[in-house]
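As structure tokens, the structure follows; a few thoughts come after it.
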Amino acid sequence: MAEIPENPYLIDLYDEDGNEKTFEHLDTVKYKDDEYVICIPYDEEEEEVTEVVIFLIDKDENGEEILSQIFDPELMSPVYEIFRERNADMFEFEE
């Protein structure tokens, strides 16, 4: 049987407690002077996407790039709208 290739869009992230969670990277968008990574939590058994997570590409105290989850609706909304516009032909979005 042929081996199924790995999904190159999957990324494993760790929270501040060291817990690992897998996300699927959908897009990276620029808003103002920052870049944001749009992801969904990955679950191979889940057929419908119910959550989109937005991360800011940030720097830690050592200057290394890190992803910081965004929770501010005033920032999430315009970033998500850019994502929707760029990907309207690839995904079905609910209003």
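Listed by chain and number, the aspartates and glutamates whose C-alpha is less than 17 Å from the C-alpha of Lys30, apart from same-chain residues fewer than 8 away, are Asp58, Glu65, Asp72, Glu74, Glu81, Glu85. Using a probe of 1.4 angstrom and keeping all protein chains present, the accessible surface of the chain works out to 82 square angstrom per residue. Dividing the mean sequence gap of close Cα pairs (under 8 Å, 6+ apart) by how many residues segment 6-95 holds gives a relative contact order of 18 percent.
Each residue, Glu24 and Ser77, gets one label point 7 Å from its Cα in the Cβ direction; the gap between the two is 2.8 nm.
Ligands, DNA and RNA left out, the accessible area of the chain computed with a 1.4 Å probe is 45% carbon and sulfur.
The values are calculated or read from the model by the stated rules, or taken from the named source; none is laboratory data. Since the model is a prediction, treat every value here as computed from it, not as a measurement. Neighbour counts run over all protein chains shown; Cβ positions are idealised from the backbone, glycine included. Calculation scope for accessible area: heavy atoms of the full protein, side chains included, ligands and nucleic acids excluded. Shrake-Rupley method; radii C 1.70, N 1.55, O 1.52, S 1.80 Å.
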